[in-house]
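Colleague: Questions regarding the structure given below will be posed in turn.
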Amino acid sequence: MDVSDLLTSAGINIAICVVLLSLYSILRKQPGNACVYFTRRLVSEPVRGTGAISCFERFVPSTGWIAKAWQATDEEILAVGGVDAVAFMRIVVFSIRVFIIAAVICLFIVLPVNYYGQDMQHKEIHSESLEVFTIGNVKEDSKWLWVHCLALYLISCSACVLLYFEYKNITKMRLAHITGSPPNPSHFTVLVRGVPWSPDNSYSNSVEQFFSTYYPESYLSHQMVYGSCTVDKLMKDAERMYRMLKSIDPRFLDRSLPYCIPGGAAHPFMVLNLRADSVSSSTSMDRLQPSQRRKECPAAFVFFRTRYAALVAAQVLQSSNPMLWVTELAPEPHDVYWSNLSIPYKQVWLRKITTLIASVVFMFLFLLPVTFVQGLTQLEHLDQLS
C-alpha cells in the first residue's frame, strides 16, 4: 500500500464521520429526541417554533452545536449531568491530549528516522510505499533504533503524568461534590439484591434479621421492592390515556362522554363516575384479591444511620455466595427504574454475560468483512510473493 491508498482510506473515513455528524445534527433537532440527546440540555437551546422555516432547519445539518458543546465548562456540565458526565468529558480530553503528544513525537522524530533509515533514492511522497515509514526501513543494529525507545518512554511518561493530574482533579471534584452537597437519602441507603428465599420468613423479615444481626448499631430500617399489581397497571393505563387525550384538541372532546380507564388486556374499560367516593371504592386495596396485591421481590432498600455505615455495607461482601445478598449504593430517587429491580439477580447476571458474549461475537463477525477488504488491497503484493 502506498501513500495515495492511505489518503484514500483516510478520506473515506473522514467522509463517514461527516455523514454521521450530520445525521446526529439532524436527529438532535427533532422534538421527539429531546429527551434522548444530552447535548440539547447542555447547550440549552431555545425551543423553536413550528413554522415552515423551523421545519426546514430541523432537517438541515448544523455545526454550531460543536463549538457550544466544546466551550461548556466543567461547572456547567456538573450542574446538568453530574460528576460522572464531567469525568467522562475529562477522559475524552485526556485521550485527545495523549493523541496530540504521540502525533507530534511520531511525526517530527520517529517518521524522519524511519524514512532515512537506509541509504536509498526516495521517490515522491505520494508514490512512496508505507514500508519506508515503518521501523522495518531502519538498518539492523543501527543506533537510530534507540529513537523508538525514547519515543515510547516520552509518550508513556506523558500519559502517566497527565493521568495523574486528571485523576487528582477528578478525585478533588468528587470529594467537593460529596462534602458540599446537602444530605440526600440515597447517601444513607444501600440497595440489596439476591435476598434468599426462606420458607419460614418473608423477604422483609429476612432482610431485617440479617442487617439487625450484622449491623446492629447502624441499621435503621428497610423498604422492600414490590412487584406490579392491579392498581399499578391501572395507574399506568391511566397515565397512557392521559397522554393520548393531552395531544388531542379539547374542542374535539365531548364532555358528555364518560371517563374510561383501560385496565389492560385482562381488564376491560371500566366506566367511572366523577364522584370521589366511587373512585376510592373502586380502587380500594381491601377489595382486591390476594393474588392481585403487591408481591415482595428479592430486593430491598436498606437505610443506615450514617453515610459511613452505608458505604461500608455497600462495599463489603455479605455472603460467600456472590449471587446472594448483593449490596451496592442506592441510586438517586429519580434514577431508579423500578421494573428492573423486580428482576432476580441471577437473571441480571445472565443478561450481562449474554450481552458480553453478543459483543464478542459481533466483534469477530465485524472482523470478517474488514479482513476481506484488507486482503483485496494486498492482492498485488500477494501476486509478487507467489
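Quick note: the coordinates plus some simple rules give every number you see, no bench work behind them. Predicted model, so just to flag it, every value in this text is computed and none were measured. Glycine gets a Cβ as well: all are built from the backbone with ideal geometry, and neighbour counts include every protein chain shown.
Colleague: Per residue of the stretch 137-150, in order, report the coupling 6.51 cos²θ - 1.76 cosθ + 1.60 (Karplus, θ = phi - 60°) as ³J(HN,Hα) in whole Hz, putting x for Gly and Pro.
Modeller: 7, 8, 5, 5, 6, 7, 5, 6, 5, 5, 5, 5, 5, 4
Colleague: Here's another thing I want to ask about it. Subtracting the Cα-Cα distance from 0.36 nm times the residue separation, let me have the gained length for Ala159 to Met363 in nm, one decimal.
Modeller: Details: separation 204, 0.36 × 204 = 73.44 nm, distance 2.77 nm.
Full-extension gain reported as 70.7 nm.
Colleague: Please compute one quarter of the surface area of the Cα convex hull for the stretch 79-181 and express it in square nanometres. Don't jump to the answer; show the numbers that get you there.
Modeller: On the way: hull surface 35.8 nm².
Its average projected convex-hull area is 9.0 nm².
Colleague: If the viscosity is 1.306 mPa s and the temperature 10 °C, what translational diffusion coefficient in µm²/s does Stokes-Einstein give for the stretch 298-373 when Rh comes from Kirkwood over Cα pairs? Spell out each step's value before the answer.
Modeller: Details: Rh = 15.6 Å.
Translational D for this selection: 102 µm²/s.
Colleague: Label point 7 Å out from His177 along Cα-to-Cβ: which residues of the stretch 59-101 have amide N under 15 Å?
Modeller: Residues 73-92 fall inside that zone.
Colleague: At a Förster distance of 30 Å, what's the computed FRET efficiency of Ser202 paired with Thr354, Cβ-Cβ distance as r, to 0.05? Walk me through the numbers on the way to the answer.
Modeller: Details: r = 31 Å, r/R0 = 1.03.
Step by step, r from the Cβ atoms, then E = 0.45.
Colleague: Mind checking the full-extension length gain between Arg240 and His187? Use 0.36 nm per residue of separation minus the Cα-Cα distance, one decimal, nm. Intermediate values should be presented prior to the final figure.
Modeller: On the way: separation 53, 0.36 × 53 = 19.08 nm, distance 3.31 nm.
Using 0.36 nm per residue and subtracting the Cα-Cα distance, I get 15.8 nm.
Colleague: How many angstrom separate the Cα center of the stretch 134-167 from the Cα center of the stretch 330-351?
Modeller: Centre-to-centre distance over Cα atoms comes out at 45 Å.
Colleague: How much net charge surrounds Leu162 when only other residues with a Cβ under 15 Å from its Cβ are counted (Lys, Arg +1; Asp, Glu -1)?
Modeller: Values: positive: Arg90, Arg97, Lys168; negative: Glu166.
Within the 15 Å Cβ shell, the charges total +2.
Colleague: In a shell of Cβ-Cβ distance under 15 Å around Tyr215, excluding Tyr215 itself, what net charge do Lys and Arg (+1) and Asp and Glu (-1) give? If you can, show how the numbers build up before the last one.
Modeller: Values: positive: Arg305, Arg307; negative: Glu208, Glu217.
Around Tyr215, the charge tally is 0.
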